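The values are calculated or read from the model by the stated rules, or taken from the named source; none is laboratory data. Because the structure is predicted, anything quoted here is derived from the model rather than measured. Every residue, glycine among them, receives a Cβ derived from its backbone with ideal geometry; neighbour counts consider all protein chains shown.
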Amino acid sequence: MFLSLINFYRLLQQGVIMKKIASTCLLFFSLAQSSHAALLGTELSLKIIYQPTSSSTEETIGFLTTAVVDEPKVEFPSVAALDIDGDNFTLVDVSINVGDNYLEIDFDNSSPYSSFSSGYKNGYVFTFDSGIAATITGATIDNNVTTLGLIESDLTFTGNQLYVNVEGLSFNASTFVRINLTVEGGPIIKPQISVNGGFIKLDTTHGSAPDTTDCENVTHDGRMVFDEVNEVLYICSPSGWISK
């Protein structure tokens with residue numbers, strides 16, 4: 001009997017072999033369904049900028065840094081760590097967490113500061129990697145949980161870049177910001193089968209090559225059998241059986 005991973009996955013979905021697995025209690029299978037992800041797994045860059053007036057030069061006051069969006073990890077746990085020495089600017093120590101479709105700014109460690117400097121621009125620039133990331137099509141303030149005095153005009157996005165302007169806003173250690181992101185596309189999480197504490201057992205050929213009729217069309221691709229005598233793994237491919 002031949003069992004390709006593709007066919008095995010289909011059988012699991014159809015419930016054909018679920019009862020047998022449950023009754024033997026030998027294996028536990030964890031199956032991740034196909035689904036469209038948004039920002040998880042994509043790269044995100046952060047920099048902090050300041051521009052006193054519309055005619056002055058925009059300055060980067062926090063080192064550009066990049067993280068991979070990964071829950072429940074906090075991507076930027078200490079913005080103060082990005083401070084550039086000797087530039088006459090001090091960064092408020094906030095933490096920034098990014099999820100599948102949101103961005104959060106937490107002010108737990110912001111003391112002793114209580115407000116952002118005023119200016120034309122003073123804030124955070126987030127750049128999502130356009131090569132692998134989803135396209136951000138919108139950003140809105142979640143007013144149900146946001147306690148910083150942001151308004152919608154403080155958010156600007158172009159392509160995969162989002163700018164959050166916090167100039168002149170007051171805060172304390174309990175202040176919190178959540179920005180919900182509208183996302184389109186993104187990488188696809190493909191199905192996988194995990195066997196925890198058990199095995200996938202292939203059919204064996206007892207020293208012989210598998211029959212060519214068992215690997216002769218596209219529905220057979222991915223089939224696997226094992227020659228336990230010669231220690232050869234056979235995999236059905238579009239060109240027939242290949243051995244590993």
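Listed by first and then second residue, the pairs linking a residue in region 157-170 that is of a type in the set (Gly, Ala, Ser) to a residue that is assigned to a strand (DSSP E or B) and at pLDDT 85 or above, with Cβ atoms under 6 Å apart and 6 or more places separating them unless they lie on different chains, are Ser170/Ser115.
Looking at the structure I just gave you, is Leu150 out of contact with any Asp or Glu (no Cβ under 9 Å at 6 or more places or on another chain), on the phi < 0 side of the Ramachandran plot and in a strand (DSSP E or B)? In short, no.
Listed by position, the strands (runs of 3 or more DSSP E) contained in region 38-132 that have at least 3 residues being closer than 19 Å to Ala173 by Cβ are 95-98, 102-106. Annotation note: of Glu71, Glu58, the sole residue that is within 18 Å of Leu155 (Cβ to Cβ), of a type outside the set (Gly, Ala, Ser) and surrounded by fewer than 18 Cβ atoms within 10 Å (Cβ to Cβ) is Glu58.
Only one of Gly86, Gly41, Gly62 is touching a helix residue (DSSP H, G or I) at 6+ places or on another chain (Cβ under 7 Å), small (Gly, Ala, Ser) and either modelled with pLDDT under 85 or closer than 24 Å to Phe126 by Cβ (or both); which? Quick ask: steps written out before the conclusion?
Working: Gly86 fails: touching a helix residue (DSSP H, G or I) at 6+ places or on another chain (Cβ under 7 Å); Gly41 fails: touching a helix residue (DSSP H, G or I) at 6+ places or on another chain (Cβ under 7 Å).
Every option except Gly62 fails the conditions.
Taking the criterion of being at pLDDT 90 or above, part of a strand (DSSP E or B) and assigned by TED's automatic domain parsing to the domain that holds Asp100, would at least one residue in region 179-202 satisfy it? Yes. Put simply, of Asp214, Asp221 the only residue that is farther than 30 Å from Phe116 by Cβ, in contact (Cβ under 8 Å) with a residue 60 or more places away in the chain, surrounded by 11 or more Cβ atoms within 10 Å (Cβ to Cβ) and touching a His at 6+ places or on another chain (Cβ under 7 Å) is Asp214. Taken over region 74-112, the residue count meeting the criterion of being surrounded by fewer than 18 Cβ atoms within 10 Å (Cβ to Cβ), under 22 Å from Ile141 (Cβ atoms) and small (Gly, Ala, Ser) is 0.
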